[in-house]
Amino acid sequence: MKTKVRKQLSNLVAILMCSLLFVISSYAGDRQLLLATTTSTDNTGLLDYLAPMFTKATGIELKWVATGTGKALKLGENCDADVLLVHAPTAEEKYVEQGFGINRRELMYNDFVIIGPAADPAAINKKELQLALETIRDKEALFISRGDNSGTNKKEIALWEESLSTIPEKESWYLQTGQGMLATINVAAERNGYTMTDRGTYIKYEANHKGSPPLVILVAGDKSLFNQYSVLEVNPERCPKVKNDLAKQFSDWMAGAEAQKAIDDFRLMEKQLFTPNAGR
Amino acid sequence: MDFILQGILQALELLVRGDRETYSAIVTTVKVSSCSMAASLLLGLPLGYLLGYFTFPGKNGLRLTVDTLLALPTVFIGLVVYAFLSNQGPLGNFGMLFTITGIAIGQTILALPIVIALTATAVESLDHSLRLTLISLGASQKQIFLTSLWEARLGLLVAAIAATGRVLTEVGISMMVGGNIKWHTRTITTAIALETNKGQFATGIALGLILLAMAFSVNLSLSFLRRKA
């Protein structure tokens, strides 16, 4: 019986601790800003690099959830994030039109690249983008897609549509991983296939392999491979609980001189990952 | 393959060096799982007892339901809890999304069927004459309840161990409801998922080994309990 009493007592203590935890976690949130963002800003380490500067400048603690752009937009639509940092301009403009987000502001860019095995079995190296995609289709070379409705995935689908006027979704040479960018690159490397990635994540991948990765950049430089990142505030009229004042401060700070310079200086293996272009 | 070996070395390094990110994930994991375990034991033990001890119409159906809930996928629980805790959801006002409390709620839903089902089984398998003896000795309902629980203690311990294992290792709920926010809701399992996603396999293995070590120490302390019993 004695152990039973002790157990009840320890349960009681546990409950008290849990409720305390709950109180703390619900009151600590005044100066905390929740950002929903794409995997590339997190995987490359950019946010780890910027967050302390932001906190120092504004006193706001930045918390972020890194998912694909599709889910990040959905989190904003559900009023579960205060501010968004995403990269799917067409979807973003529609999002603002629908009243989910406000004050879309362009911050920085890099570009998308098509990468593949160094041996390049379909011989697409340095081809024009359209020709490269057609060659992949004609030779039925394995292509690995994110398939997760992320910014990169939306872009890739748009490119297939433009060049082939269909999406090769059901083709046997077209695989969808449903995972993040680096995970997808790893699948492509294991399967000896091609994939499309943003340059920032590719440089991170290069750095992971100490500069000699199995997959290399084969196609780049086309105008339509431009990759714009923007910040959007979640509409406070739809979501009265979001911290719009903090979101505004984040947006202003990111577009301001300090952060733009920091983004410009951010390097991995001496390569620049993002080019700032706020207000340009 | 060599990342497995690297992982083992890195696990030791992370622990010895006192890596802040790793310790933050460990602390979060401990906080979340102790909350959810406390809640699920507190609710599950009496419910499981009732289910195992009494016969009532619909008992078999209820038993079947609880057993089915053992197969609840964690991502599904995560999704449902997210829907409830989202600011657009019915419990949105409490602001529990992306908090430790939110994850603990999800994990309680995960652990509860395990505790209930295993407790019920333990109580059911008690010697039937125990109850008759207790009644004939003039024991009160409360005394019967406590004595039965006491006699079933090894079964209850198994229930607790099984539930702890499930709670400690789940990733779907923590990811969906917690959001894997660094310094806040990043648990060891979501950290493993993230490192794997980033292609840092060695770090993932290291964190996995740390989680295993934690599970080992939990079971070690429980095995002392068992020996005492």
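The values are calculated or read from the model by the stated rules, or taken from the named source; none is laboratory data. Because the structure is predicted, anything quoted here is derived from the model rather than measured. Virtual Cβ from ideal backbone geometry, glycine too; neighbours counted across all protein chains shown.
Summary of values
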{"read-out": "Residue satisfying condition, being out of contact with any Cys (no Cβ under 6 Å at 6 or more places or on another chain), in a helix (DSSP H, G or I) and farther than 30 Å from A:A255 by Cα, within set A:A122, A:A132", "value": "A:A132"}
{"read-out": "Condition met for A:G76 (closer than 15 Å to A:E233 by Cβ, more than 9 Å from chain B (Cβ to nearest Cβ) and either buried (at least 22 other Cβ atoms within 10 Å of the Cβ) or small (G, A, S) (or both))", "value": "yes"}
{"read-out": "Set B:S33, B:S24: member being more than 17 Å from the chain's Cα centre (by Cα) and within 21 Å of B:M175 (Cα to Cα)", "value": "B:S24"}
{"read-out": "Considering residues of segment B:190-229 that are of a type in the set (G, A, S) and under 30 Å from A:P213 (Cα atoms) only, the residue modelled with the lowest pLDDT", "value": "B:G199"}
{"read-out": "Test: A:R238 is away from chain B (no Cβ under 14 Å) and among the basic types (K, R)", "value": "no"}
{"read-out": "A:S224, sole failed condition from (1) away from every other protein chain (no Cβ under 14 Å); (2) hydroxyl-bearing (S, T, Y); (3) not in a helix (DSSP H, G or I)", "value": "(3)"}
{"read-out": "Hits in segment A:28-52 - residues which are farther than 23 Å from A:N235 by Cα, more than 10 Å from chain B (Cβ to nearest Cβ) and modelled with pLDDT under 90", "value": "A:S40"}
{"read-out": "Residue match in segment A:85-105 (condition: under 16 Å from A:G200 (Cα atoms) and within 13 Å of another protein chain (Cβ to nearest Cβ))", "value": "no"}
{"read-out": "Count of residues meeting criterion [farther than 12 Å from A:D111 by Cβ and crowded, with 17+ Cβ neighbours inside 10 Å] in segment A:188-200", "value": "5"}
{"read-out": "Filter pass, B:G61 being of a type in the set (G, A, S), surrounded by fewer than 17 Cβ atoms within 10 Å (Cβ to Cβ) and more than 9 Å from every other protein chain (Cβ to nearest Cβ)", "value": "yes"}
{"read-out": "Any hit, segment A:73-88, residues being farther than 28 Å from B:V177 by Cα and not assigned by TED's automatic domain parsing to the domain that holds A:Y194", "value": "no"}
{"read-out": "Verdict on B:V158 being out of contact with any Lys or Arg (no Cβ under 7 Å at 6 or more places or on another chain) and within 14 Å of chain A (Cβ to nearest Cβ)", "value": "no"}
{"read-out": "Residues of segment B:118-155 satisfying the condition of being within 14 Å of chain A (Cβ to nearest Cβ) and crowded, with 22+ Cβ neighbours inside 10 Å", "value": "B:T119, B:L149, B:A152"}
{"read-out": "Options A:G147, A:G178, A:G200; residue that is in a loop (DSSP other than H, G, I, E, B), within 14 Å of chain B (Cβ to nearest Cβ) and of a type in the set (G, A, S)", "value": "A:G178"}
{"read-out": "Of residues in segment B:84-116 being crowded, with 22+ Cβ neighbours inside 10 Å and among the small types (G, A, S), the one nearest to the chain's Cα centre (by Cα)", "value": "B:A111"}
{"read-out": "Given (1) part of a loop (DSSP other than H, G, I, E, B); (2) farther than 16 Å from A:V219 by Cα; (3) touching a strand residue (DSSP E or B) at 6+ places or on another chain (Cβ under 9 Å); (4) not acidic (D, E), index of the condition A:N153 fails", "value": "(1)"}
